[in-house]
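Note sheet for the following structure.
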Amino acid sequence: QVFAELATLPLHIRAERAELAVRTSADAVALARHPDAPAEILVAAAHHLDPVATKIELLSRASQLVPTDASIHMSLAELHEESGQPADAIRAWDRAGAIALGHPRPVLAPIRLLAQSGRGTEALARAAGMAEEARKKSDGLALGMASLAYKYAQSPKQAVVLAREAVAAREGDGRLVSELAVRLVEAGAQAEATRVLSELLVCGARGRTWHRHEIAARLSALVSGDALRQAVKEVGCQPIALQELTSLLTELD
């Protein structure tokens, strides 16, 4: 009866009703393991039933019923990671990535897992492929993604190279400048990261301030006191919102 009712509902409310059915069922396990259980029931049950092996069983069946649902493959990949099955997790992430084109998680997660499981050459090859495609398009955001890919492939110096290219491709994009600073710190280049963050703090991005309090906090984690004031003083641009900047520096002291 539950399954028949779900089949009559519009797609956008089936998941909500399936969740309710599982939570209120006297025997959610039997409901979820029924041979005719629809994908919505399987996904809802996977959120509530333990252990992880049961969750994997249910989501694996759901992925067969709805093979084009990237979210199911991503949830399955996370469970495989949790249960210490990196090869299965990578396959699930790749299936999700083939469906959700452009989504960062299923692209980056396999690279991280490959590197962590001793398959560094494969991880670097994937990162290199992303970098090549991004360079062909001169796409700053894609170059930023490739920088992250190299980070997860455990190649911090190459990650910095791609982060620089990303900033050059989208000059003044504060998000990419901020990410460059992160990559520099990860590569052990704290002095340059300090300079990059100081410029972002004082000059802003695209002619305006950019998350100034966040940037100030990150900068103060690298340098403090006289060193912080000197770093800011050496920036060669006219400060945006000078009064606010002065107040921030006073707070950091």
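The values are calculated or read from the model by the stated rules, or taken from the named source; none is laboratory data. Quick caveat: nothing in here was measured; it's all calculated off a predicted structure. Here the Cβ is made from the backbone with ideal geometry for all residues, glycine too, and neighbour counts use every protein chain on show. When the accessible area is computed, the model is the full protein with side chains, heavy atoms only, and any ligands, DNA or RNA have been set aside. Shrake-Rupley method; radii C 1.70, N 1.55, O 1.52, S 1.80 Å.
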Inset, instruction - Can you tell me the dipole magnitude for the stretch 51-156 around its Cα centre, using point charges on the Cβ only (Lys, Arg +1; Asp, Glu -1), in Debye to the nearest 20? - result: 240 debye
Inset, instruction - Give the distance, in whole Å, between the Cα centre of the stretch 35-96 and the Cα centre of the stretch 126-177. - result: 31 Å
Legend entry - Shape call, the stretch 52-97: gyration tensor on alpha carbons, a/c limit 1.5: oblate
Inset, instruction - Would you compute, from DSSP H runs of 4+ residues alone, the mean residue ellipticity of the chain at 222 nm, taking -39500 (n - 2.57) per run and dividing by the full residue count, rounded to the nearest 500? - result: -24000 deg cm²/dmol
Inset, instruction - Return the long-range amide H neighbours of SER117 (sequence gap of 5 or more, or a different chain), with a cut-off of under 5 Å between placed amide H atoms. - result: none
Inset, instruction - Give the cross-link partners of LYS137 among the lysines, using a straight C-alpha distance below 28 Å as the criterion and excluding same-chain residues fewer than 8 apart. - result: LYS151, LYS157
Legend entry - Using θ = phi - 60° and Karplus 6.51 cos²θ - 1.76 cosθ + 1.60, couplings along the stretch 92-106 (whole Hz; Gly, Pro as x): 5, 4, 5, 4, 5, x, 5, 9, 8, 4, x, 6, x, 4, x
Inset, instruction - For the chain, find the longest principal axis of its Cα atoms and tell me its angle to the long axis of helix 156-169, 0 to 90°, nearest 10. - result: 80 degrees
Inset, instruction - Whole number please: convex hull volume per residue, Cα atoms of the chain, in Å³. - result: 175 Å³
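Using unit Cβ charges (K, R positive; D, E negative) and no other charged atoms, how large, in debye to the nearest 20, is the dipole of the chain about its Cα centre? Before the final figure, lay out the partial values.
Values: 28 positive and 31 negative charges, 127 e Å.
Charge dipole, the chain, about its Cα centre: 600 debye, nearest 20.
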Legend entry - log10 of Debye I(q)/I(0), alpha-carbon scatterers only, for the stretch 86-147 at 0.19, 0.23, 0.25 Å⁻¹: -0.69, -0.95, -1.07
Legend entry - Between 0 and 90°, nearest 10: helix 140-152 axis offset from the chain longest Cα axis: 80 degrees
Inset, instruction - Return the carbon/sulfur percentage of the accessible area of the chain, one whole number, probe 1.4 Å, all protein chains in place. - result: 54 percent
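Rank-order 45-58, 158-171, 128-141 by packing density, defined as the average count of other C-beta atoms within 10 Å over each peptide's residues, highest first.
On the way: 45-58: 17.0, 158-171: 21.1, 128-141: 15.4.
Highest to lowest by the protection proxy: 158-171, 45-58, 128-141.
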Inset, instruction - Give the long-range amide H neighbours of ALA205: residues separated by 5 or more places, or on another chain, with amide H under 5 Å away, using H modelled in the peptide plane at 1.01 Å from N. - result: TRP210
